[in-house]
Every structure is written in structure tokens, then in C-alpha cells.
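> Here it is: the structure, laid out below.
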Amino acid sequence: MVHKIILLLLTAGLLVGCHMTRSTNPDSIWYELPKGSMLVLNQDLEIPAGQAHTIVQDAKAGTSAYKLGVMCHFEVEQLGPRTIHPVTFLITEVTQGRQWVNEPSTMLFYTDLHLQSEQQQDILPMRCGYTDYPLLGAPVTIEQIRETLGSLFTLVPGPEATNPQ
């Protein structure tokens, strides 16, 4: 019986601790985009022939990353060539995670933006991430995503956003 009570208290403490780590500061790794947030594509985005994605780094789109650091993978269901014209996407969900790239030395730390649009219905979640050592990496922040996307995309927090703390 004592073990069950201790386990219940530990679980409750973890749940409260997780809830308290949320932040309204977009620079924080604990910031969560509010519901109703948007991702606006500001100019044409080319999907190359034989590809279903383009990689964005330093506000430039291409077929591969050209340096270490955060990059965003914009992906569609059908192979190109194809042009995605300026459009506004509703961000329906934001998920963060990490996965092994080269176990045990390198992990991918990422944030996925799940996108929805009536004009572009075959868009897959956009993954923004970088690789690092497992103990050194941290979740990708919204500010890092904004810097990576530059003027190509604009990330607009939803109406539930409050002043940064």
C-alpha cells in the first residue's frame, strides 16, 4: 500500500512539474505555440523534379543542407517538379522529439509543425531540426525556426498568445 501511495505522489509530481515548464516566451525551449497559430509562405517555393521535399536553411530553399545547424524539411505527398505558391497554413499541432542518427554519438533534435490548408492539402508536417551529441542537444525553439525560415515563411502565434514572461 505504501508503495502505491509513493508511486501516486511521484506521478502527480511529474505531471505538475511538466505543466509548470510551459512558457509564453518564444525564446524558451518550453514555449508552446498557441492554438490558431499560422505559418505563412511569403513567396513561391520550388519542389525539385524527382523530390517530394525542399530543405530551408538561412531563408533559402534547396535540395540539401549546406552547413550544420537548424534546417526545416518542407515535404509534400507527390514528387515534383512543383511550385507551392504563397499560402497561409494553420498549425494544427506542434510536436517535439529526438531520434538517433548514429547511435550512440549523434541525435536529431526536432520540432514538427503539422500544417493544414484548403489550397494545399497534401502537405506533410514540416520538420525543423539539427543534429548534436545526445547530452548536448536541446529542443528546437520557435526563435530558431524563425531564424531558419527567414523571410521565406512568417510564423504567426495564435490569438491565445500572451506577453512573454
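> Normalise the Cα radius of gyration of segment 53-141 by 2.2 N^0.38 Å (N = residues in it) and let me know the number.
Dividing the Cα radius of gyration by 2.2 N^0.38 Å gives 1.16.
> Calculate I(q)/I(0) for segment 105-165 by the Debye formula, one identical point scatterer on each C-alpha and no solvent, and give its log10 at q = 0.13, 0.19 Å⁻¹ to two decimals.
The computed values of log10 I(q)/I(0) come out as -0.47, -0.89.
> Moving on to the next point. Can you send over the carbon and sulfur percentage of the accessible area for segment 26-163, probe radius 1.4 Å, protein chains only? The partial results should precede the final answer.
On the way: 3820 of 7480 Å².
It is 51 percent, rounded to a whole number.
The values are calculated or read from the model by the stated rules, or taken from the named source; none is laboratory data. Just so it is clear, the structure is predicted and the values come from calculations on it, not from any experiment. With ligands, DNA and RNA removed, areas are computed over all heavy atoms of the protein, side chains included. Shrake-Rupley method; radii C 1.70, N 1.55, O 1.52, S 1.80 Å.
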